[in-house]
Amino acid sequence: MAHGLAIPSYSLNRAEAQSIHQTDEKGMLLRLNMEATVDKPEMLKYAKWMTFIIVLLTFSQASTGLSSRFGYGTASSHTMTSQLGLIICVALVVCVILSKTTDSKLKGMSFGLAFAWVVQYGLGEMLGSMKFISHIHAVVAMAIVLHAMALFRSFPTSEA
């Protein structure tokens, strides 16, 4: 007990107690510096490359989407890259799960990226019947790029 503050009722071993970074005024644990373990690091390497490909595909989607709006015949390319991106997002989630990582942030962000791509794909399918959807479609594309870049940075550098 330091300054009248008590650690909560659960017990910590010495390594966990030394890794505590911050406690609040009630002595509640805010953050542990726990290293994530990975059983198959090559799967995270593949997932990291897939994330990079997702960023490139999103930029390709932007260029083909805009050019098809101005009369260029890139609509089929836009459709093909959206389908490819959907497949790669699902494969990215599979690779993160198969790596058997204990990093819940990495798992959650990969599921979030796949979910955002599914939403984007659905908005793209509705685009033909509702013209105002393109404004939402563009904002979601920017969110996908930013989310993929954040996911790319959250991969451990030693494994991937």
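What the table shows:
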| item | result |
| --- | --- |
| Under 15 Å, Cβ to Cβ, from Phe111 - net charge with Lys/Arg +1 and Asp/Glu -1 | +1 |
| Count of lysine pairs in region 41-154 with Cα separation under 23 Å (8 or more residues apart, or interchain) | 6 |
| When region 41-154 is reduced to its Cα atoms, the Kirkwood hydrodynamic radius in Å | 14.4 |
| In nm, spacing of pseudo-spin labels at Ala150 and Lys105 (7 Å Cα→C-beta vector) | 1.1 |
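Rule-based calculations on the coordinates, nothing more; no lab input. Every value quoted in this text rests on a predicted model; they were computed, and no experiment measured them. Cβ coordinates were reconstructed from backbone atoms using ideal geometry, including for glycine residues, and neighbour counts include every protein chain displayed.
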